[in-house]
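Let me begin by presenting the structure, written as structure tokens, before commenting on it.
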Amino acid sequence: MSKHELELFADYFQFYIQDETSDGIDGESWPEAASDRMLAIKKRAIGVGTVRNMDVPVTIEVVDSEPTRDAADWDHIVECSIDLPSGKLVVAGCTDYVPDAVRIELPHGTYRARISYGSLTSVSEDGLDGDDRYRIQLWPGRTIAVHVVKFGNPDATR
């Protein structure tokens, strides 16, 4: 397993993981359903929604097989897949300069992704402070449709 602890500027309430060859996430990637589930998908890219427009802690764990679900420890969990034909996963805030972004080298292929969101209601009234945290677990797997494992988006319009 490899583990990467990062702090990313979640400008526009989002950050990205994507294959180095991806065009990334754009505004059209965030229809209402994507905003509600706090996750946008585009070819070879995932946009992770956040509850703060500030620096947020992000943990990326790359494992050999599907990890045990620990849903009790998280407010919101979404699963999907991502193709990494280049074998280089780029991790960046949406306004980061992509050539300078963090890169994680992985064997090329398709990966399952579980995105877990924690302490979403800890954000201060002014939106500047909070203990929100985000974890992305990746493991080799087949392509799947996006599905919400645990719904806990405090800002959803449901």
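Residues that are among the hydrophobic types (A, V, I, L, M, F, W, C), within 15 Å of residue 22 (Cβ to Cβ) and surrounded by 18 or more Cβ atoms within 10 Å (Cβ to Cβ): does the stretch 69-76 have at least one? Looking for residues that are among the hydrophobic types (A, V, I, L, M, F, W, C), within 15 Å of residue 22 (Cβ to Cβ) and surrounded by 18 or more Cβ atoms within 10 Å (Cβ to Cβ), one finds none in the stretch 69-76, hence no. Do we have any residue at all in the stretch 21-36 that's surrounded by 15 or more Cβ atoms within 10 Å (Cβ to Cβ), out of contact with any Gly (no Cβ under 7 Å at 6 or more places or on another chain), more than 20 Å from residue 83 (Cβ to Cβ) and touching a residue at least 24 places away in the same chain (Cβ under 8 Å)? Yes, the stretch 21-36 has at least one match. Tell me whether the stretch 82-99 contains one or more residues that are assigned to a strand (DSSP E or B), among the basic types (Lys, Arg), out of contact with any Ser or Thr (no Cβ under 8 Å at 6 or more places or on another chain) and under 14 Å from residue 62 (Cα atoms). The answer is yes; a qualifying residue exists. Where the second residue is among the acidic types (Asp, Glu) and modelled with pLDDT of 95 or more and the first is surrounded by 22 or more Cβ atoms within 10 Å (Cβ to Cβ) and lies in the stretch 43-67, which pairs have Cβ atoms under 6 Å and are six or more apart or on separate chains? Short answer, once both residue conditions are applied: 51/132. Any residue that is crowded, with 16+ Cβ neighbours inside 10 Å, within 15 Å of the chain's Cα centre (by Cα) and touching a residue at least 40 places away in the same chain (Cβ under 8 Å) - is there at least one of those in the stretch 120-128? So far as the stretch 120-128 goes, yes, one or more of its residues are crowded, with 16+ Cβ neighbours inside 10 Å, within 15 Å of the chain's Cα centre (by Cα) and touching a residue at least 40 places away in the same chain (Cβ under 8 Å). Could you say whether any residue in the stretch 129-141 is surrounded by fewer than 16 Cβ atoms within 10 Å (Cβ to Cβ) and either under 23 Å from residue 10 (Cα atoms) or free of Cβ contacts under 8 Å to residues at least 24 places away in the same chain (or both)? Yes, the conditions are met somewhere in the stretch 129-141.
The values are calculated or read from the model by the stated rules, or taken from the named source; none is laboratory data. These numbers come from a predicted model, not from an experiment. Backbone-built Cβ (ideal geometry, glycine too); neighbour counts: all protein chains shown.
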